[in-house]
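The values are calculated or read from the model by the stated rules, or taken from the named source; none is laboratory data. Quantities reported herein were computed from a predicted structural model and do not represent experimental measurements. FYI the Cβ positions are ideal-geometry reconstructions off the backbone, even for glycines, and counts take in every protein chain you see.
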Amino acid sequence: MTEAAPSSNQHMNNEGGQNISVAAGSRGGEMMHNRKLKFRSQMILWRNRLRFDIRLDESGRRRRVILHERFKTIVRWVKLSLTLGGLLLSFITFSSVWVSFLVGVVVWLATTVVEKIGFSYDSVFVYPLPQFEIKPELWLGTYFGYGETADGMQIPRIGLIVKDRQYAFDLHGLILSWTNGELNDEEKRVCVSVIMLSESEYIFFCYPNIRHSSTTWFFEQKEIERRNTSLTDVQNKYLSSLVLGKRCQVSAHSYFPTFHSRYQDGVPYLFGFTLFDKHGNPHQLSELPQFVFHTLKIKHLSDLNESDIEYDLIRVMGI
């Protein structure tokens, strides 16, 4: 695909933004907001850890309690204690037959519950992480527009506006590692989303696709390996990745509303990097080849649900 030089019908808006982890206001207000975000993040993390440490498995015919494998030693000691306790009880004479019966039932129930306890183990898939320092202040904003090819075809264009040339190269290399070295991301390894907080503000996200087949294959292989030692253990699936995010304002002359109305789901688009020159004019970094992405999500905040990764990201941000 050959892209023509910018023409009169090529529109682009340059929208500045702020790091999503920083709140507007006074320094005292920022510190208080950051404390709230930290507390919220810790509570979500604690809840998620507890959910993986102990849960009820209802996938089979019978329910069973699933504990993390680090509790295996404790469960073994409990089993041993119940076995020894049952043997010792046979030498004890109770005052009533009914008391003896009730003690026996309690021991039997406890043994049954413990015997049915299953265990879970952790598998972590780590997406390529940056080999450079993340500097949010060097990412100034985003742009949306349409370009025209030599044959008159209209091509959607999206990208990042950066302040430093080397930082653009670093981000480009990171995203290239997410696409497995492919500029045309036909496998949809990278996701781009725009979550509209209001008509005048949105959050721009770019991150690896956690539902890509490579992720599924990784967890399947880990499950096969585990079956060599245990057929009943349950896998806890973890993903580790950097998510690029920027909170942006829709300026008075923004092209984003027009882009939103023009863009049709599933249409591939060019994704690149723009740098401001010394006169303050934006220009495409010709040294960096543009990506061709095939996934774009534009949603209002109220339309998000738990199936959207942005749902949890924004919740952690306290929005």
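So how many residues does the range 264-289 have that are of a type in the set (S, T, N, Q) and in a strand (DSSP E or B)? Can you show your working first?
Here is the first cut: in the range 264-289, the residues of a type in the set (S, T, N, Q) are 264, 274, 281, 284, 286.
Okay, now just the ones that are also in a strand (DSSP E or B), so 274, 284.
Here the count works out to 2.
So that you can scan it fast, the table gives a plain yes or no per residue for (1) in the same structural domain as I203 (by TED's automatic domain parsing); (2) assigned to a helix (DSSP H, G or I); (3) touching a Leu at 6+ places or on another chain (Cβ under 8 Å); (4) surrounded by 12 or more Cβ atoms within 10 Å (Cβ to Cβ):
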residue: K79; (1), (2), (3), (4): no, yes, no, yes
residue: L84; (1), (2), (3), (4): no, yes, no, no
residue: I92; (1), (2), (3), (4): no, no, no, no
residue: F101; (1), (2), (3), (4): no, yes, no, no
residue: F144; (1), (2), (3), (4): yes, no, no, yes
residue: G147; (1), (2), (3), (4): yes, no, yes, yes
residue: D151; (1), (2), (3), (4): yes, no, no, no
residue: L160; (1), (2), (3), (4): yes, no, yes, yes
residue: A168; (1), (2), (3), (4): yes, yes, yes, yes
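What residue, among those in the range 68-100 that are at pLDDT 70 or above and in contact with a helix residue (DSSP H, G or I) (Cβ under 7 Å, 6 or more places away or on another chain), is nearest to S230 (Cα to Cα)?
Going through the qualifying residues, I end up with H68.
Looking only at the range 118-137, which residues are outside any strand (DSSP E or B) and surrounded by fewer than 18 Cβ atoms within 10 Å (Cβ to Cβ)? Before you say what the answer is, go through the steps one by one.
From the range 118-137, those outside any strand (DSSP E or B) are 127-137; that's our starting set.
If the condition is that a residue be outside any strand (DSSP E or B) and surrounded by fewer than 18 Cβ atoms within 10 Å (Cβ to Cβ), then P128, L129, P130, Q131, F132, E133, I134, K135, P136, E137 are the ones that fit.
Listed here are the residues, each with its yes/no results for (1) surrounded by 16 or more Cβ atoms within 10 Å (Cβ to Cβ); (2) out of contact with any Leu (no Cβ under 9 Å at 6 or more places or on another chain); (3) more than 23 Å from W139 (Cα to Cα).
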site	(1), (2), (3)
S261	no, yes, yes
Q264	no, yes, yes
K278	no, yes, no
F291	yes, no, no
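Looking only at the range 206-228, which residues are buried (at least 20 other Cβ atoms within 10 Å of the Cβ) and in contact with a Leu (Cβ under 9 Å, 6 or more places away or on another chain)? Walk me through it before giving the result.
Keep residues of the range 206-228 that are buried (at least 20 other Cβ atoms within 10 Å of the Cβ), which gives 206-209.
Hits for the range 206-228 are C206, Y207, P208.
Step by step: first the residues of the range 229-245, then only those that are within 30 Å of K135 (Cβ to Cβ) and not hydroxyl-bearing (S, T, Y), then the one that is surrounded by the most Cβ atoms within 10 Å (Cβ to Cβ). Which residue is that? Can you show your working first?
Here is the first cut: in the range 229-245, the ones within 30 Å of K135 (Cβ to Cβ) are 238-245.
If we keep only those that are not hydroxyl-bearing (S, T, Y) as well, we get 239, 242-245.
Values: L239: 15, L242: 15, V243: 15, L244: 18, G245: 22.
So the residue we want is G245.
Going by the conditions given, is T232 closer than 26 Å to R64 by Cβ and either not basic (K, R) or not assigned by TED's automatic domain parsing to the domain that holds H68 (or both)? Let's see the steps before the verdict.
Numbers: closer than 26 Å to R64 by Cβ: yes; either not basic (K, R) or not assigned by TED's automatic domain parsing to the domain that holds H68 (or both): yes.
Spelling it out, T232 is indeed closer than 26 Å to R64 by Cβ and either not basic (K, R) or not assigned by TED's automatic domain parsing to the domain that holds H68 (or both).
Does G280 count as touching a Lys or Arg at 6+ places or on another chain (Cβ under 8 Å), on the phi > 0 side of the Ramachandran plot and modelled with pLDDT under 90?
Values: touching a Lys or Arg at 6+ places or on another chain (Cβ under 8 Å): no; on the phi > 0 side of the Ramachandran plot: yes; modelled with pLDDT under 90: yes.
Answer is no for this residue.
Could you tell me whether the range 193-204 includes any residue that is free of Cβ contacts under 8 Å to residues at least 60 places away in the same chain and under 16 Å from I158 (Cα atoms)?
Yes, the conditions are met somewhere in the range 193-204.
Looking at (1) exposed (fewer than 12 other Cβ atoms within 10 Å of the Cβ); (2) modelled with pLDDT of 90 or more, which is the one condition that is false for L109?
(2)
Please go through the range 203-228 and give me each residue that is part of a helix (DSSP H, G or I), within 17 Å of W178 (Cα to Cα) and aromatic (F, W, Y), ordered by number. Don't jump to the end; show me each part of the working.
Residues of the range 203-228 that are part of a helix (DSSP H, G or I), as a first pass: 213-226.
Of the ones still in play, those that are also within 17 Å of W178 (Cα to Cα) are 213-218.
Scanning the range 203-228 gives W217, F218.
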